[in-house]
1. Regarding Tyr143, is this residue surrounded by 15 or more Cβ atoms within 10 Å (Cβ to Cβ) and assigned to a loop (DSSP other than H, G, I, E, B)?
2. Residues being in contact with a helix residue (DSSP H, G or I) (Cβ under 7 Å, 6 or more places away or on another chain), modelled with pLDDT of 95 or more and either closer than 23 Å to Ile92 by Cβ or not in a helix (DSSP H, G or I) (or both): count how many of those fall in the range 23-73.
3. Can you name the residue in the range 61-97 that is in contact (Cβ under 8 Å) with a residue 24 or more places away in the chain and touching an Asp or Glu at 6+ places or on another chain (Cβ under 7 Å) and, of all such residues, is nearest to Ala130 (Cα to Cα)?
4. Please tell me if Ala111 is within 21 Å of Pro142 (Cα to Cα) and at pLDDT 95 or above.
5. Quick one: in the range 54-84, which of the residues that are surrounded by fewer than 18 Cβ atoms within 10 Å (Cβ to Cβ) and either polar (S, T, N, Q) or in contact with a strand residue (DSSP E or B) (Cβ under 6 Å, 6 or more places away or on another chain) (or both) is farthest from Pro142 (Cα to Cα)?
6. Which residue pairs have Cβ atoms closer than 9 Å, lie 6 or more positions apart in sequence or on different chains, and pair a first residue in the range 123-140 that is closer than 16 Å to Lys108 by Cβ with a second residue that is of a type in the set (A, V, I, L, M) and in a loop (DSSP other than H, G, I, E, B)?
7. Do we find a residue being of a type in the set (Lys, Arg) and in contact with a Phe, Trp or Tyr (Cβ under 8 Å, 6 or more places away or on another chain) anywhere in the range 56-75?
Amino acid sequence: MKLASLALTFAAAAALLCSTAGCAPDAPPLKEPAKTVMSNYLAIQAGLAGDSIQGLDEHAKAIATAVKGDAAKMLPPDVAAQAETLAQAKDITAARAAFKPLSASLIKYMAEEKAGKGLYHEVYCPMAEASWLQTGKDIRNPYYGKEMLDCGELKN
């Protein structure tokens with residue numbers, strides 16, 4: 001099984017477990033397209049934390065497609081553009097650079113909408129001067145991967 005597919009499966013299982021176990025009783029479940037966006041985002045985050053870009057283009061394109069196809073325009077169009085830029089990354093350095101603005105936009109969206117509270121955690125890496133979202137409180141740094149996997153501080 002590809003690492004990205006495994007990461008997506010893990011993220012989906014964690015989300016399902018939390019939704020059935022009541023991890024975030026104060027937060028309503030994510031609606032589409034945010035649900036699709038976040039599951040693909042988490043797969044990308046896990047892949048980068050594992051020093052891999054395998055499947056990254058597919059997940060990034062899925063984010064862009066979900067945002068563009070949403071008639072209600074829940075997510076800002078910048079998210080689609082940022083995901084398209086990420087999909088074009090040819091190496092891990094470019095992917096990590098493109099992941100920063102996408103993360104910033106999704107962090108802003110989730111905070112403004114008060115979505116996924118208790119399920120998604122913002123983590124900040126002072127070395128990368130950037131944040132990301134992840135499930136779970138064990139830090140998995142997508143900007144440095146295995147080199148500094150646990151570098152970062154939970155913001156929520």
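1. Working: surrounded by 15 or more Cβ atoms within 10 Å (Cβ to Cβ): yes; assigned to a loop (DSSP other than H, G, I, E, B): yes.
In short, yes.
2. So in the range 23-73, the residues in contact with a helix residue (DSSP H, G or I) (Cβ under 7 Å, 6 or more places away or on another chain) come out as 24, 29-30, 33, 36-37, 39-44, 46-57, 59-64, 66-68.
Checking which are modelled with pLDDT of 95 or more leaves us with 33, 36-37, 39-44, 46-57, 59-64, 66-68.
Within this subset, residues satisfying the condition of being either closer than 23 Å to Ile92 by Cβ or not in a helix (DSSP H, G or I) (or both) are 33, 37, 39-44, 46-57, 59-64.
Counting residues in the range 23-73 that are in contact with a helix residue (DSSP H, G or I) (Cβ under 7 Å, 6 or more places away or on another chain), modelled with pLDDT of 95 or more and either closer than 23 Å to Ile92 by Cβ or not in a helix (DSSP H, G or I) (or both) gives 26.
3. Among residues in the range 61-97 that are in contact (Cβ under 8 Å) with a residue 24 or more places away in the chain and touching an Asp or Glu at 6+ places or on another chain (Cβ under 7 Å), the one nearest to Ala130 (Cα to Cα) is Ile92.
4. Numbers: within 21 Å of Pro142 (Cα to Cα): yes; at pLDDT 95 or above: no.
Spelling it out, it is not the case that Ala111 is within 21 Å of Pro142 (Cα to Cα) and at pLDDT 95 or above.
5. Thr65
6. From residues that are closer than 16 Å to Lys108 by Cβ, the pairs are Val123/Ile139.
7. Initially, the range 56-75 is screened for residues of a type in the set (Lys, Arg), giving 61, 68, 73.
Remaining after also requiring in contact with a Phe, Trp or Tyr (Cβ under 8 Å, 6 or more places away or on another chain): none.
No, the range 56-75 contains no residue that is of a type in the set (Lys, Arg) and in contact with a Phe, Trp or Tyr (Cβ under 8 Å, 6 or more places away or on another chain).
The values are calculated or read from the model by the stated rules, or taken from the named source; none is laboratory data. Nothing here was measured: the structure is a model prediction, and the numbers come from that model. No Cβ is skipped: glycine too gets one built from the backbone with ideal geometry, and neighbour counts run over all protein chains shown.
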